[in-house]
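The values are calculated or read from the model by the stated rules, or taken from the named source; none is laboratory data. Fair warning: this is a prediction, and the values are worked out from it, not measured in the lab. All Cβ positions, even for glycine, are placed from backbone atoms using ideal geometry, and neighbour counts span all protein chains on display. Accessible surface is based on the protein model in full, side chains and every heavy atom, while ligands, DNA and RNA are left aside. Shrake-Rupley method; radii C 1.70, N 1.55, O 1.52, S 1.80 Å.
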Amino acid sequence: MVDYIVDGNIAVLEINNPPVNALSIHVREGLLTGIQKANQDGSVQAIVIIGKGSTFPSGADIREFGKPPKEPWLTAVGEAIEASEKPVISALHGTALGGGLEVALFSHYRIADERSRVGFPEVKLGLLPGAQGTIRLPRLTGLAVAMRIITSGDHINAPEALKYGILDKLISGNLLQEAKTFAKSVIGKPLDNRRLSKIAVRDAATVDKHFDEALAEVKRKYKGMIAPVNCLKSIRGSAKLPFVEAARLEAALFRELLTSAQSAALRYSFFADRSAPRWKLPSGASIENTKPDIIKSVAVIGAGTMGSAIAICFIRVGIPVLLVEQNDKLLQNALKNIGQILQGSVKLNRITADQRKQSLQILRGETSLDIVSDVDLVVEAVFENLKLKQEIFARLDKICKPSALLCSNTSTLDIDKIAVATNRPGKVAGMHFFAPAHIMKLLENVYGTHTSPSTVATIMDIGKRIGKVSVLVRTCDGFVANRMNRMVGNEAVFMLEEGALPQDVDRVLEDFGMAMGPFRVTDLSGSDVGWRIRQERAKEQGIQLTYETRFVNGERYSSLPDRLYELGRYGQKTGKGWYRYEKPFARTAYPDPEITDVINSHCRSLGIERRVIPPQEIIERCLFAAINEGFKVLEEGVAEKPENIDIIWQYGLGFPRYRGGPMFYASQVGLKTIYERVCYYYDAFPHSSYWAPSDLLRKLASHSTEVPIDQWTSKERSRL
Ligand code: 3HC
């Protein structure tokens, strides 16, 4: 894994561990023996470390974490590099990250391809650069820059790294040749001033000020996360302690993180990110064996907030869009809004003024559906009503060319019921964007009974092209996101009836790490939408909903949200919802005594006695209900694997990444506990049938030892 090549008086250690040259055990062994060999070889006067293939090492091997560690540690390898009496030059290209950058910081010189990037992304894995990265980097860059690089995990481009002193030279030509030439030029020069362990942190006197500022920043930015705090403590150690003691402190802080639940969740998330877009259908069709169609043009039907934001997703990556809205006034408003949103992106330096112009040039607004006859893909984004969608799909089927894909942005409706309105069910699928669609990363792609593999391949591919995290799910009521999240909403409202207030529920879930509690989310999206859906469903079933309604079809129902609607409290847009706001559209939510009165009088009128609801119950009722549903989603094959569910929650529903997602969280709580509590709540709330425990959960919980999350699907599902 490390080739030892001698060219004249230069030894080259070439690391060969594709795809990213991770510093796995054999690479560490190879580097150590290579350094020892070069030092013993009388003909060698300098050593070059370089990566084969596309990159210098991009870090430690993440798959080795969590397994028993094997020597030599990276630090021991690094110390041998630094102690070498012959100059060691690291020659960087691609992405020199984490342990890779640490190898470079142990080296006496660092040169890099001018297109390369360096960084310490450990914090994103809930770790710190634990092979002396936190105590070596400040010696080159000073404290403020080191704190920023290490706590952000961001990649730094080579010219910037040169400016900060991380690199000694940029190379535009052949890296290996230039590295050898460079190596020859430093033979015989003193090395002690090149050994970072011998150099002081130049601004050590100001460490407390930097530490306090950076700590305040990371606590605000990375609320609840321990890794950024440990990074800062270790960097502070680099300035306050002698080198060896600082290294000891770093090792202790690293160990604490390595064994933390947060790091386990973040490492799981790293691999889940890569696994979720790899789709596979029960038929065996998969990303590996199915080619996507080429999409050159798109029509978006419906120019409301959602449709407009979806149009932006396509035009900003150069895919022309026809935006169709019946009403010209609404259409013109939408086009104006899109222009303004893109202008906002220019102001935030996300795109250039030129890119905005080019995007708008490929957007065309139309008031007639007939115009979409030639597009490759249609995304329908009209009001959530099955009949309306069926009508539109039937018309689209007649108008569009036979090869066009017809997709719906429905968030709940069964794709099969939409597909039957067409003569091309194989080309019908769901593309469920999350609001605001131009910002939210998730795309929940939905296949129905008849959706063809090439349609699936195409929507997954286009999702990637527009920069989304695409996850494939099978059609069902609410798919994965809304189906599971419905339990959170239901339980949250039921707990208001039983004794909690909106701010109690939100605070507990936000302290858990959710981006927003369910009541703040409802206020943001507007409670009128939910009211209309409930009324429509009741009408379809011939049910009259009143304030006294406590059961619908035998299921528990709360009319509290309906009371809010009747009071005109639609949320932020009306300045009042579950919270009060200073004015319509203001963002700061204040608890509202009026809401407490509404809830109390609701309970009095229905004879419900209120009680104190402890935080643990809030967590269990919201999350365990959703987790139980998640197991049903798995056992039905709606989601292929738990990672898919977790990625949907992370990118679409604000679940804290450092907890992995509801399914990973369940694995950490333990399935026996989850199962027992689900049974307990089912006993307590028999009129909420979603508490009926999932068969898959029951089976998995019955094992004498915990079944690892990567075995939750295939084996158990087939045994059910
Ligand atoms: N360990 C193990 N596997 C890794 C890995 C690593 N450090 N980095 C990437 N991989 C794997 C990926 O899982 C993927 O495998 P797959 O094909 O089986 O899914 C494959 O390598 C290719 O990775 P990407 O799909 O991410 O490739 P990209 O080209 O898009 O990105 C990258 C390359 C920027 C290097 C990106 O992979 C990355 O950010 N990797 C992680 C870097 C990192 O976190 N380094 C720090 C590790 S911790 C550490 O070093 C501790 C030390 O301080 C002691």
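Among the residues of segment 93-117, those identified as part of a strand (DSSP E or B) and within 11 Å of the ligand (Cβ to nearest atom) are T95, A96, L97, R117. Determine whether G637 is open to solvent by less than 70 Å² (accessible area, probe 1.4 Å), in a loop (DSSP other than H, G, I, E, B) and more than 20 Å from D511 (Cα to Cα). Considered against the rule, which asks whether it is open to solvent by less than 70 Å² (accessible area, probe 1.4 Å), in a loop (DSSP other than H, G, I, E, B) and more than 20 Å from D511 (Cα to Cα), G637 comes out as yes. Residues in segment 243-263 that are within 14 Å of the ligand (Cβ to nearest atom) and surrounded by 21 or more Cβ atoms within 10 Å (Cβ to Cβ) were compared, and the one that is farthest from K124 (Cα to Cα) is A247. Candidates in segment 5-22 are the residues that are surrounded by fewer than 17 Cβ atoms within 10 Å (Cβ to Cβ) and within 31 Å of the chain's Cα centre (by Cα); of these, the one that is nearest to the ligand (Cβ to nearest atom) is P19. Of the residues T475, T455, the single one that is among the polar types (S, T, N, Q), in contact with a Cys (Cβ under 9 Å, 6 or more places away or on another chain) and modelled with pLDDT of 95 or more is T455.
Pairs are defined by a Cβ separation below 6 Å, a sequence spacing of at least 6 or placement on different chains, a first member in segment 476-500 that is closer than 28 Å to N644 by Cβ and in contact (Cβ under 8 Å) with a residue 60 or more places away in the chain, and a second member that is among the acidic types (D, E) and surrounded by 21 or more Cβ atoms within 10 Å (Cβ to Cβ); the pairs so defined are F479/E444; A481/E444; M484/E629; M487/E629. Residue-level check: of (1) within 12 Å of the ligand (Cβ to nearest atom); (2) in contact with a strand residue (DSSP E or B) (Cβ under 6 Å, 6 or more places away or on another chain), I295 misses just (1).
Is it the case that E391 is in contact (Cβ under 8 Å) with a residue 40 or more places away in the chain and either within 30 Å of P425 (Cα to Cα) or not assigned by TED's automatic domain parsing to the domain that holds G467 (or both)? No. Could you go through segment 75-89 and let me know if any residue there is open to solvent by 10 Å² or more (accessible area, probe 1.4 Å), assigned by TED's automatic domain parsing to the domain that holds N174 and near the ligand (Cβ under 10 Å from one of its atoms). Looking for residues that are open to solvent by 10 Å² or more (accessible area, probe 1.4 Å), assigned by TED's automatic domain parsing to the domain that holds N174 and near the ligand (Cβ under 10 Å from one of its atoms), one finds at least one in segment 75-89, hence yes. Restricting the search to segment 127-165, which residues are among the small types (G, A, S), open to solvent by 10 Å² or more (accessible area, probe 1.4 Å), within 16 Å of the ligand (Cβ to nearest atom) and not in a loop (DSSP other than H, G, I, E, B)? Across segment 127-165, the qualifying residue is only S152. Selection of segment 359-403 for residues being open to solvent by less than 50 Å² (accessible area, probe 1.4 Å), under 17 Å from L331 (Cα atoms) and more than 30 Å from the chain's Cα centre (by Cα) yields G365, E366, S368, L369, V372.
Against the numbered list (1) within 13 Å of the ligand (Cβ to nearest atom); (2) open to solvent by less than 20 Å² (accessible area, probe 1.4 Å); (3) on the phi < 0 side of the Ramachandran plot, G59 comes up short only at (3). Whether a residue is within 16 Å of the ligand (Cβ to nearest atom) and either outside the structural domain of A131 (by TED's automatic domain parsing) or of a type in the set (D, E, K, R) (or both) was assessed, and D192 does not pass this test. Just one of (1) in the same structural domain as F120 (by TED's automatic domain parsing); (2) touching a helix residue (DSSP H, G or I) at 6+ places or on another chain (Cβ under 7 Å); (3) hydrophobic (A, V, I, L, M, F, W, C); (4) touching a residue at least 40 places away in the same chain (Cβ under 8 Å) fails for I187. It is (2). Only one residue in R316, R267 is within 23 Å of the chain's Cα centre (by Cα), over 30 Å from L128 (Cβ atoms) and surrounded by 20 or more Cβ atoms within 10 Å (Cβ to Cβ), so which one is that? Matching residue, one of R316, R267: R316. Select from segment 582-616 the residues that are without any contact (Cβ under 8 Å) to a residue 40 or more places away in the chain and open to solvent by less than 30 Å² (accessible area, probe 1.4 Å) and list them in ascending order. Residues satisfying the conditions are A586, D592, V598. For segment 23-56, residues that are away from the ligand (no atom under 16 Å from the Cβ) and either hydrophobic (A, V, I, L, M, F, W, C) or open to solvent by less than 40 Å² (accessible area, probe 1.4 Å) (or both) total 9. So, R611, is that one over 29 Å from F434 (Cα atoms) and touching a helix residue (DSSP H, G or I) at 6+ places or on another chain (Cβ under 6 Å) or not? In short, no. Cβ-Cβ distances below 9 Å connect the following pairs, each with a first residue in segment 20-36 that is closer than 20 Å to T95 by Cα, a second residue that is within 13 Å of the ligand (Cβ to nearest atom) and basic (K, R), and a separation of six or more residues or different chains: A22/R63; S24/R63.
Filtered by the rule that a residue be open to solvent by 30 Å² or more (accessible area, probe 1.4 Å) and either over 16 Å from V707 (Cβ atoms) or not assigned by TED's automatic domain parsing to the domain that holds I619 (or both), segment 659-675 gives a lone residue, R659.
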